[in-house]
Amino acid sequence: MKIAIASGKGGTGKTTLSVNLASFLAESRKVVLCDLDVEEPNSGLFIKGKLIHREDKFKMIPEWEKDRCTLCGHCHKVCNFHAVIQLGDQIMVFPELCHSCYACSELCPVDALPMIPQKMGELKQFKKEELSFVESRLDIGQEQAVPLIAQTLEYLDKNFDDDFIKLYDAPPGTSCPVIEATKDADFVILITEPTPFGLHDLKLAVDTMRELKKDFGIIVNRHGIGNNDVLTYCQKENIPVLSKLLNDRRVAELYSRGNLIYQKIPEFKKQIENIADYILKLQKEGIR
Amino acid sequence: MKEIVIISGKGGTGKTSITASFAMLGGKDIVVADCDVDAADMHLLMQPDWERSEDFYSGVIAEIDQEKCIKCGKCADVCRFNAIPIIDEKYVVNTLNCEGCSYCFHVCPADAISMNEQNVGEWYISNTKADNVMVHARLGIGAENSGKLVAKVKNEAKRIADETDKQFIVVDGSPGIGCPVVSSLSGADFVVLVTEPTVSGLHDLKRVYELVKKFNIPAGCIINKADLNTKVAQQVEKFLKKEKITYIADLPYDETFTKAMTKGQTIVEYDDTNLKNIVVNSWEKIKEHTNKI
């Protein structure tokens, strides 16, 4: 079963929930946690496991072979992303704009733009006690998160069978990286905070999940700050509220140090337990 | 006219609350741009009047005319994005997967594929309660945040600032290090990094600053919730010194920010004590630094 943990607004507790829930579940189940926030991956700061595998990740980009090129101009005409342009008698490729669609390369009549791999980031797999953890990080200067997220999910599918509960720590927002990180999930947990910003971005996230036709539920983090509008909204929209996580400075302090919270605060552990039960029930009732 | 961009790497560090305060303090001397188009929140504090709104078109998406399709499958073969599955024996486009490269369009022997312009969102020009103009936007659900809408918002803000002879543009950026952030940063005169003393905050600050360095833009930093973890706060300060990033201010961990937000107010309207003073001093410091550039 695949569970994605997402949110519209950043900083609402995706990583906190991901690492605590994954570590807790791993005490009794086969679990793999995967950090798909490849631009700013943070889960690894909380799960300091043993590195068992690392690999570079590549995206394919065209490379101009001057000697073959007849300067017919076909390549830059077919490129919709302005990643291939002609300047005088030179063809220039801008890798950061390239979407690896292969059109320029394969439609070139003289094979003057072969596709070559370019490093875009790295993937690492860790093991901490019974918990497996996979994270990918995008190289600074690479602009597109989607290809790395897609390759990370492929790695996960290949290396972890369906017996595993797979938890994805998704990127913030509602645009393409979030779609990529949630589109093959069986269930999505949207975590928010009970503030006007939290509610506004939650509505966007809910619209996104409905567009994707996903089953989802909501967790309200830092319950007690702000107001009741998030809960009223969930009730009106008939969205299940899985938990209301407590607002406590101790939680923020433990988080600030990179510590797991459920191991230190019993009330928080009880809440994580309830969320875990919800997920196990979903699994049993047959969302795959 | 100078451009000040506020970013954070990590989400939820207080970037928008602080930017909106600067927008209030800047008043009619500035133009405001909310470039966090993916989860734009600043309008919740600025009470914009949505005076002008326009659709934003960017990129194209494939559509297959089933009447013309001869089911040769060439389109699906060349598509690298699995965007043309076979459903009920028909080749159809999965619009969420389609990246708009047009490769399928070029190889279709039956001329059955058309590439249609995509409406990916809306952008707005508003007058705000701070007596200034704000340019903001809303990206469509699941649309590609390629940075083009961000660039549009910024360019409009620039145009308005030029035409009305304003001193500053104040830009609220987006989290992360990808395309929208790159777009927010391009052309900036001064970058304000808003961080928090948590292991994640520091980690993300370092990554996003690597990106800022590539653009060669001078930067300053506000440490929000500074008293949450003094040890990590010291590590942040050490990093600022090492990288010659201007230290601007510490803000305490204080739920007053949330209370102000709940009332639809910035901290400089809601609070008239310590917090307000820190933010006012920060804004003065930022203006001073930016003017020196």
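Where a number appears in this text, it was derived from the coordinates with a stated rule and is not lab data. As the structure is a prediction and not an experimental result, all values here were calculated from the model. Here Cβ is always computed from backbone atoms with ideal geometry, including for glycine, and neighbour counts include all displayed protein chains.
Results, tabulated for the structure shown:
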read-out	value
Chain B: angle of helix B:15-26 to the longest principal axis, Cα-based, in degrees nearest 10	60 degrees
Rounded to 10°, Cα long-axis angle of helix B:230-242 versus longest principal axis of chain B	80 degrees
Most to least packed among A:226-235, A:31-40 [average Cβ atoms within 10 Å]	A:31-40, A:226-235
Magnitude of the charge dipole, the protein assembly as shown, Cβ model with Lys/Arg +1 and Asp/Glu -1, debye to 20	1600 debye
For the range A:64-113, size of Cβ-based charge dipole, Lys and Arg +1, Asp and Glu -1, in debye	120 debye
Förster radius 35 Å - calculated FRET efficiency between B:Asn82 and B:Asn216 (Cβ-Cβ, nearest 0.05)	0.35
Coarse-grained scattering of the range B:1-158 at q = 0.09, 0.17 Å⁻¹, given as base-10 log I(q)/I(0) from a Debye sum over alpha-carbon atoms	-0.43, -0.90
Two-site FRET efficiency, A:Arg257 against A:Ser28, from Cβ-Cβ distance with R₀ of 35 Å, rounded to 0.05	0.85
3J(HN,Hα) from dihedral phi, the range B:66-83, Karplus parametrisation 6.51/-1.76/1.60, rounded to Hz, x for glycine, proline	5, 5, 8, 4, 9, 6, 6, x, 4, 4, 5, 4, 7, 5, 8, 10, 6, 9
Relative counts (whole %) of C-alpha pair distances in the range A:91-201, using bins that are 5 Å wide	2, 8, 16, 17, 16, 14, 11, 7, 4, 3, 1, 0
Chain A - Cys residues lacking any other Cys C-beta under 4.7 Å	A:Cys34, A:Cys69, A:Cys72, A:Cys79, A:Cys98, A:Cys108, A:Cys176, A:Cys234
Net charge of neighbours whose Cβ lies under 15 Å from the Cβ of B:Ile141, counting Lys and Arg as +1 and Asp and Glu as -1	-2
Alpha-carbon centroid distance for the pair the range A:1-80 / the range B:1-79, whole angstrom	22 Å
Relative packing of A:213-225, A:62-74, which averages over residues the other C-beta atoms within 10 Å, highest first	A:213-225, A:62-74
Cα gyration tensor shape for the range A:24-158, rounded if a/c is under 1.5, else prolate or oblate	prolate
Positive-end residue of A:Leu97, A:Ile85, A:His53, charge dipole of the range A:1-101 with Cβ unit charges	A:His53
Ranking of B:Trp283, B:Trp123 by count of other Cβ atoms within 10 Å, fewest first	B:Trp123, B:Trp283
Gaussian network model of chain B, Cα within-10 Å springs - most flexible of B:Lys74, B:Lys263, B:Lys241	B:Lys74
Inter-chain shielding of B:86-98 (mean C-beta neighbours from other protein chains, 10 Å cut-off)	1
Debye equation applied to the C-alpha atoms of the range B:58-119, log10 I(q)/I(0) at 0.13, 0.17, 0.18 Å⁻¹	-0.27, -0.47, -0.53
Averaged over B:202-210, number of beta-carbon atoms from partner chains that fall within 10 Å	3
Förster radius 51 Å - calculated FRET efficiency between A:Asp184 and B:Ile293, Cβ distance, rounded to 0.05	0.65
Relative frequency of Cα-Cα separations exceeding 33 Å in chain B, percent	32 percent
Length-normalised contact order for the range B:34-185 - Cα pairs under 8 Å, 6+ apart - percent	31 percent
Rounded to whole Hz, the Karplus (6.51, -1.76, 1.60) HN-Hα couplings of the range B:97-110, x for glycine and proline	8, 5, 9, x, 7, 6, 4, 4, 4, 6, 9, 5, x, 9
The range B:137-293: translational diffusion in µm²/s, Stokes-Einstein, Kirkwood Rh over Cα pairs, 37 °C, 0.692 mPa s	192 µm²/s
Chain B, helix-only ellipticity at 222 nm - DSSP H runs n ≥ 4, -39,500 (n - 2.57), divided by all residues, nearest 500	-11000 deg cm²/dmol
Estimated D of chain A in µm² per second, where Rh is the Kirkwood radius over Cα pairs and Stokes-Einstein applies at 10 °C, 1.306 mPa s	77 µm²/s
Size of the range A:64-113 as Cα extents on the principal axes (Å, biggest first)	24, 21, 15
For A:94-101, mean number of other protein chain Cβ atoms within 10 Å	3
Using θ = phi - 60° and Karplus 6.51 cos²θ - 1.76 cosθ + 1.60, couplings along the range A:44-61 (whole Hz; Gly, Pro as x)	x, 6, 9, 10, 8, x, 8, 5, 10, 7, 9, 8, 6, 10, 10, 10, 8, 10
Approximate spin-label separation A:Ile116-B:Lys244, in nm, with each point projected 7 Å along Cα-to-Cβ	3.5 nm
Set of the range A:248-275 residues, backbone N closer than 16 Å to the point 7 Å along the Cα-Cβ line of A:Glu129	A:259-266, A:269-270, A:272-273
Free-standing Cys residues across chain B, given no other cysteine C-beta under 4.7 angstrom	B:Cys35, B:Cys69, B:Cys72, B:Cys79, B:Cys98, B:Cys108, B:Cys179, B:Cys221
Packing-based order for B:157-166, B:202-211, using average beta carbon neighbours within 10 Å, highest first	B:202-211, B:157-166
Global form of the range A:1-100, assessed from the alpha-carbon gyration tensor, a/c cut-off 1.5	prolate
Three semi-axes of the equivalent ellipsoid, the range B:137-216, Cα gyration tensor, whole Å, largest first	24, 17, 11
Whether the protein assembly as shown is rounded, prolate or oblate, judged on the alpha carbon gyration tensor where a/c under 1.5 counts as rounded	oblate
0 to 90° range, to nearest 10: angle between helix B:274-292 axis and chain B longest Cα axis	70 degrees
Listed pairs B:Lys10/B:Lys242; A:Lys158/A:Lys183; A:Lys128/B:Lys241; A:Lys77/B:Lys148; B:Lys15/B:Lys241; B:Lys129/B:Lys214 exceeding 25 Å between Cα atoms	A:Lys128/B:Lys241; B:Lys129/B:Lys214
Relative contact order for chain A, counting Cα pairs under 8 Å that sit 6 or more residues apart, in percent	27 percent
Semi-axis lengths (Å, descending) of the ellipsoid that matches the C-alpha gyration tensor of the range A:185-288	23, 19, 11
